[in-house]
Amino acid sequence: MSAARKTLKILALIYFVLGIASLVIGIAGIVTGNFGSAYGSNATLAAVVVIVKGLVDLAAGVAGIKGANKPSQVDGAFKLGIVAAAATLVQAVLTLPALGGSSVNIIAFVIVVYDLFFVQQAHAVKAENKDRL
């Protein structure tokens with residue numbers, strides 16, 4: 001297994017864990033109503049975005065693991081990584097004070113970098129597979 005495939009598999013496993021964590025946080029935020037303090041009037045929307053982000057992360061994790069094991073199937077991980085980056089940006093934007101949030105979510109912007117690194121690794125595995133054919 002190449003270095004790109006190993007890296008993609010590790011990133012995919014982290015995505016899988018992040019997806020579960022996002023689902024738990026999103027569902028807990030809806031049930032307890034704790035998102036109101038951080039997201040203001042956008043609390044319900046933010047909780048839905050966190051849940052959707054969790055689902056996308058889970059799907060990207062599964063697709064990344066499949067793609068690392070079988071490079072011909074890495075295209076799904078590539079596309080889901082892009083969707084995950086977009087969802088993370090939406091989540092980050094919702095926390096901006098101009099939209100009723102209380103602060104700038106620096107962690108979400110860091111996660112976007114992680115999402116883009118995942119996409120880059122999926123692309124590397126895709127290119128590596130193309131070279132083998």
- Note down the net charge around GLY26, summing +1 for each Lys or Arg and -1 for each Asp or Glu among other residues with Cβ under 14 Å from its Cβ. 0
- Message: Given points 7 Å out from each Cα along the Cα-Cβ axis, report the ALA86 to ILE10 separation in nanometres with one decimal.
- Response: 2.9
- Counting Lys +1, Arg +1, Asp -1, Glu -1, what net charge surrounds ILE65 among other residues with beta carbon under 13 Å of its beta carbon? +4
- Residue separation times 0.36 nm, minus the C-alpha to C-alpha distance between PHE109 and ALA3: what's the value? 35.5 nm
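Every read-out reported here was derived from the displayed coordinates using simple, explicitly stated rules and does not represent laboratory data. Please read these numbers as outputs of a predicted model, since none were measured by experiment. Positions of Cβ are backbone-derived with ideal geometry, glycine not excepted, and every protein chain shown enters the neighbour counts.
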